[in-house]
Amino acid sequence: MAQIIDGKLIAEQIKAEVRVGVSLLLKERQVRPGLGVVLVGEDPASQSYVRSKGKACEDLGMYSETRRLPASATEAEVLSLVRAWNDDASMHGILVQLPLPRHINEHRVIAAIDPRKDVDGIHPTNIGRLVIGMECFKPCTPAGIQELLVRSGHDPGGKHVVVVGRSNIVGKPTANILMQKAPGANAIVTIAHTAARDLGAFTREADILIAALGKPECITGAMLKPGCVVIDVGINRVPDPASPKGYRLVGDVHFASAEQVAAAITPVPGGVGPMTIAMLMQNTLLAAQRITAA
Ligand code: GUN
């Protein structure tokens, strides 16, 4: 049976470190890190993520403000909110929850965020710096995946990492982080995605498999190399009449068959999910430290 990589526990460790940093900043510079979050529309999963982000800020002694706009909000409204926070000295981090409604241009909104406040690490400046190995804000889920691997004793150095999925917020930046010539990285990286005619041919080559394709339980045990490490990024709601909520959460990996084959695997929930929030808190502290540095 596989080792279960406990993302909740590792996220708690990171949040404990951030809490110390927050109190130091408060004591030494009288600065409380602040995070502004914009949520447009009523998507239930996004609402739940945004609530968790606000709660984490409160828990760590940070200031946070969440603006909830209706799905009918205009791009100009979102842009003016972002620009106001760019100029607001009490706000060190700005996060626009994705996806945005179709009538709002996501690229224009992200580009409007001051890169020094882009704690989500998705502004083109930060992504460009990431690709060429410069100091930057790393996107939270990819940074969380890296921390999970390193802190659970599965350093990716010299390993073959196969990333399944090519999204701008997970697949592409994860591959870029793990291929850097840097501690906690230095992997040989392959990116596969759902257009592959035989996805299993790729996944079976992975020492470390990162599943971020957004398809419930798509990667089965039969698609894994025995002894591999599996990081499941998927958070999918599937209908379940037996659950009080009417749904349950499953990953992109079929857990029951995968844990028979893998050496280590992240659960859903309790794997990558809590890490994303922990890394957002770490980035927000970092933004406050950098912006207020003498
Ligand atoms: N939606 C799902 N994940 C994320 C994330 O990490 N950042 C933002 N902004 N939106 C998301």
Tell me which residues, restricted to segment 86-107, are over 26 Å from Pro33 (Cβ atoms) and away from the ligand (no atom under 14 Å from the Cβ). Arg102, His103, Asn105
Of these, Ile110, Ile169, Ile122, Ile191, which one is outside any loop (DSSP other than H, G, I, E, B), of a type in the set (A, V, I, L, M, F, W, C), at pLDDT 95 or above and within 27 Å of Leu35 (Cα to Cα)? Ile110
Can you pull out every residue in segment 136-162 that is more than 16 Å from the ligand (Cβ to nearest atom) and open to solvent by less than 20 Å² (accessible area, probe 1.4 Å)? Leu149, Pro156, Val161, Val162
Among the numbered criteria (1) within 30 Å of Glu106 (Cα to Cα); (2) open to solvent by 10 Å² or more (accessible area, probe 1.4 Å), which one does Gly227 miss? (1)
In this structure, does Gly121 turn out to be surrounded by fewer than 21 Cβ atoms within 10 Å (Cβ to Cβ) and either within 14 Å of the chain's Cα centre (by Cα) or more than 10 Å from the ligand (Cβ to nearest atom) (or both)? no
Looking at Leu35, Leu60, which is the one that is within 30 Å of Asn105 (Cβ to Cβ) and of a type outside the set (Val, Ile, Thr)? Leu35
So, Ser48, is that one free of Cβ contacts under 8 Å to residues at least 24 places away in the same chain, surrounded by fewer than 16 Cβ atoms within 10 Å (Cβ to Cβ) and of a type in the set (Gly, Ala, Ser) or not? yes
Helices (runs of 4 or more DSSP H) wholly inside segment 1-94 containing at least 1 residues that are more than 22 Å from Pro274 (Cβ to Cβ) and small (Gly, Ala, Ser): 75-86
Thr141 being of a type in the set (Val, Ile, Thr) and closer than 21 Å to Val268 by Cα: yes
Just give me the residues in segment 4-21 being more than 17 Å from the chain's Cα centre (by Cα) and touching a residue at least 12 places away in the same chain (Cβ under 8 Å), in sequence order. Ile4, Glu17, Arg19, Gly21
If we keep only residues of segment 76-85 that are away from the ligand (no atom under 16 Å from the Cβ) and of a type outside the set (Lys, Arg), then the residue most open to solvent (accessible area, probe 1.4 Å) is Glu77
Among the candidates Ala287, Ala293, single out the residue that is small (Gly, Ala, Ser) and open to solvent by 40 Å² or more (accessible area, probe 1.4 Å). Ala293
So Pro183, is it closer than 15 Å to Glu147 by Cα and surrounded by 14 or more Cβ atoms within 10 Å (Cβ to Cβ): no
Condition test on His92, is it under 17 Å from Gln282 (Cβ atoms) and surrounded by 17 or more Cβ atoms within 10 Å (Cβ to Cβ)? yes
Being in a loop (DSSP other than H, G, I, E, B), among the small types (Gly, Ala, Ser), under 30 Å from Ala293 (Cα atoms) and in contact with a helix residue (DSSP H, G or I) (Cβ under 7 Å, 6 or more places away or on another chain): is that true of Ala143 here? no
Is there a residue being among the hydroxyl-bearing types (Ser, Thr, Tyr) and open to solvent by 30 Å² or more (accessible area, probe 1.4 Å) anywhere in segment 22-42? yes
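The values are calculated or read from the model by the stated rules, or taken from the named source; none is laboratory data. If you're wondering where the values come from, they're calculated on a predicted model, not measured in any experiment. Every residue, glycine as well, gets a Cβ built from its backbone with ideal geometry; the counts of neighbours run over all protein chains shown. Surface areas here come from the heavy atoms of the whole protein model, side chains and all, with no ligands, DNA or RNA. Shrake-Rupley method; radii C 1.70, N 1.55, O 1.52, S 1.80 Å.
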